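Below you'll find the structure, written out as structure tokens, and then a few comments.
The values are calculated or read from the model by the stated rules, or taken from the named source; none is laboratory data. Small disclaimer: the values here were computed from a predicted structure and weren't measured. All Cβ positions, glycine included, derive from the backbone under ideal geometry; neighbour counts span all protein chains shown.
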Amino acid sequence: MNSTPAFDVMTSEELQQNAMQLTVPQLVGQVYEAAPVEERGHILEHLLRPLGVLALVVVADGVFAQMRFRGGWPDWHVRLEDAQNVQAGDVITLVDYVQQVSVHAVDGLAQVLAATPLMATSAAAALLMTLLVQRARNRRADDVGTMPV
């Protein structure tokens, strides 16, 4: 199930020291690992939204397809036991894939995290939110700069 080796959640000090080496998927994995189970569900729902059936089957050995099919299709929500069973490595794999499909979906995680006061106290969440907001601003500035006049 887990295609990325398990890792321990970093302390705030370790995050600051390693911030330059962490990728967005790794940061999301850190945030997911530290999040309460209810918030894990919100993170997963947000990331899974842009993916179709085939993508769900392919990513992380189909873990997410099983969740989606169990929960129904139109107005589904991640069940607590499903969110609890998804590992950080699965989330890292998911974010890697989602970035290829919709970078805006990954950037939108900043809003999901901002809506959660508990997540605002996490160093990984703060770093991730800062990175995602900065990345989205840079992309908007690039889009405005490349528009024909």
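Put simply, of VAL95, VAL78 the only residue that is closer than 26 Å to VAL133 by Cα and touching a Pro at 6+ places or on another chain (Cβ under 9 Å) is VAL95. Tell me, yes or no, whether segment 36-46 has at least one residue that is in a helix (DSSP H, G or I), in contact with a Phe, Trp or Tyr (Cβ under 6 Å, 6 or more places away or on another chain) and either at pLDDT below 80 or of a type in the set (Val, Ile, Thr) (or both). So far as segment 36-46 goes, yes, one or more of its residues are in a helix (DSSP H, G or I), in contact with a Phe, Trp or Tyr (Cβ under 6 Å, 6 or more places away or on another chain) and either at pLDDT below 80 or of a type in the set (Val, Ile, Thr) (or both).
Given the structure, is THR93 outside any helix (DSSP H, G or I) and either of a type outside the set (Phe, Trp, Tyr) or at pLDDT below 85 (or both)? Walk me through it before giving the result.
On the way: outside any helix (DSSP H, G or I): no; either of a type outside the set (Phe, Trp, Tyr) or at pLDDT below 85 (or both): yes.
No.
Please go through segment 38-66 and give me each residue that is among the β-branched types (Val, Ile, Thr) and either in contact with a Cys (Cβ under 9 Å, 6 or more places away or on another chain) or closer than 19 Å to VAL28 by Cβ (or both), ordered by number. The answer is ILE43, VAL58, VAL59, VAL63. Residues of segment 32-62 that are on the phi > 0 side of the Ramachandran plot and buried (at least 21 other Cβ atoms within 10 Å of the Cβ): ALA60 alone. Considering the conditions (1) over 20 Å from GLY41 (Cβ atoms); (2) at pLDDT 80 or above, ARG140 is excluded by exactly one of them, (2).
Taken as a whole, the condition of being loosely packed, with under 15 Cβ neighbours inside 10 Å and over 20 Å from PRO36 (Cα atoms) does not apply to GLN111.
Say whether the condition of being modelled with pLDDT under 80, part of a helix (DSSP H, G or I) and within 15 Å of the chain's Cα centre (by Cα) is met by at least one residue in segment 102-113. No.
Take the conditions surrounded by fewer than 22 Cβ atoms within 10 Å (Cβ to Cβ) and under 24 Å from ALA123 (Cα atoms) and apply them to GLY89. Does it pass? Taking the combined requirement at face value, the residue satisfies it.
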